[in-house]
Amino acid sequence: MIARRREEILEAATRLFAADGFARTDVQLVADELGVGKGTVYRYFETKEGLFLAAVDRAMHQLREHVHTAVDNEADPLDQLAAAVHAYLAFFDAKPECVELLILERAAFKDRKKPTYFEHRDANVGRWLELFRGLIAAGRVRTAPVEEFTETISDLLYGTIFTNHFAGRQEPLEEQAGRILRGFFLGILSDSERGRHAPVGRSQRP
């Protein structure tokens with residue numbers, strides 16, 4: 001009962017924060033949404049700030065579980081990566097309110113050392129580092145620091161959800177997964193051009 005009530009509070013809070021913003025969402029509104037007293041909400045979350053951050057944390061746990069479930073259904077590492085990209089974008093298609101929470105956290109909690117999204121990303125990146133190490137060892141991707149791969153795909157996905165949100169694009173996010181994967185797997189240069197225009201990072205320049 002306690003876990004279910006906490007989940008109900010977080011679900012209602014997510015909807016209201018996403019719709020009305022952090023400042024305009026009073027705890028009383030969350031209580032009214034659930035038909036309970038304000039004190040009931042405060043028994044689970046001592047402050048509005050704590051309630052909001054718990055809602056963001058819940059969203060990131062849901063994202064992780066959604067992605068991991070999709071990945072665990074695939075055996076091949078490259079198929080796992082593709083499944084992760086599709087699942088990540090499908091999650092934010094189904095839950096656009098979670099994009100709003102990430103925006104609100106940045107606006108209302110600028111002094112936080114690290115936003116919740118990046119706390120979760122950093123805590124879960126180990127699985128992907130190992131995946132790319134295995135692909136390199138098997139000769140299936142080029143040899144490079146594995147962080148280069150994880151950071152690139154992470155930045156592409158993170159940027160995609162916000163670009164679509166702010167631009168008001170109607171195309172479902174998941175439909176863009178194929179373009180992202182083609183760009184990541186194949187790049188844009190032809191075989192003949194890759195040798196001539198191999199990018200050089202600052203640390204590699206003379």
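The values are calculated or read from the model by the stated rules, or taken from the named source; none is laboratory data. In this text, all values refer to a predicted model and were calculated from it rather than measured experimentally. Neighbour counts run over all protein chains shown; Cβ positions are idealised from the backbone, glycine included.
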Item to check | Matching residues in region 141-174 - criterion: being modelled with pLDDT under 95, among the acidic types (Asp, Glu) and either in contact with a Gly (Cβ under 7 Å, 6 or more places away or on another chain) or under 24 Å from Pro77 (Cβ atoms) (or both) | outcome: Glu174
Checklist entry - What do you reckon, is His86 part of a helix (DSSP H, G or I), in contact with a Lys or Arg (Cβ under 8 Å, 6 or more places away or on another chain) and surrounded by 16 or more Cβ atoms within 10 Å (Cβ to Cβ)? => result no
Item to check | Count - residues of region 156-166 that are closer than 15 Å to Arg179 by Cβ and surrounded by fewer than 13 Cβ atoms within 10 Å (Cβ to Cβ) | outcome: 2
Next on the checklist: Six or more apart or on different chains, Cβ atoms under 6 Å: show the pairs whose first residue is in region 69-98 and of a type in the set (D, E, K, R) and whose second is modelled with pLDDT under 95.
Outcome noted: Asp93/Pro172; Asp93/Leu173; Asp93/Glu174
Item to check | Only one of Arg142, Arg127, Arg106 that is in a loop (DSSP other than H, G, I, E, B) and either surrounded by fewer than 16 Cβ atoms within 10 Å (Cβ to Cβ) or touching an Asp or Glu at 6+ places or on another chain (Cβ under 9 Å) (or both) | outcome: Arg142
Item to check | Filter pass, Phe45 being more than 18 Å from Glu97 (Cα to Cα), among the aromatic types (Phe, Trp, Tyr) and at pLDDT 95 or above | outcome: yes
Next on the checklist: Quick check on region 5-14. Is at least one of its residues more than 26 Å from the chain's Cα centre (by Cα), modelled with pLDDT of 95 or more and aliphatic (A, V, I, L, M)?
Outcome noted: no
Item to check | Condition broken by Ala3, with the remaining ones in (1) closer than 23 Å to Phe109 by Cα; (2) surrounded by fewer than 16 Cβ atoms within 10 Å (Cβ to Cβ) satisfied | outcome: (1)
Checklist outcome for this item: From the option list Glu119, Glu130, single residue qualifying as over 30 Å from Ala23 (Cα atoms) and charged (D, E, K, R) is Glu130
Checklist entry - For Asp122, are the conditions met, namely being over 17 Å from Asp76 (Cα atoms), touching a Lys or Arg at 6+ places or on another chain (Cβ under 9 Å), at pLDDT 95 or above and part of a helix (DSSP H, G or I)? => result yes
Checklist entry - Out of curiosity, is Ala59 at pLDDT 95 or above, in contact with a helix residue (DSSP H, G or I) (Cβ under 6 Å, 6 or more places away or on another chain) and assigned to a helix (DSSP H, G or I)? => result yes
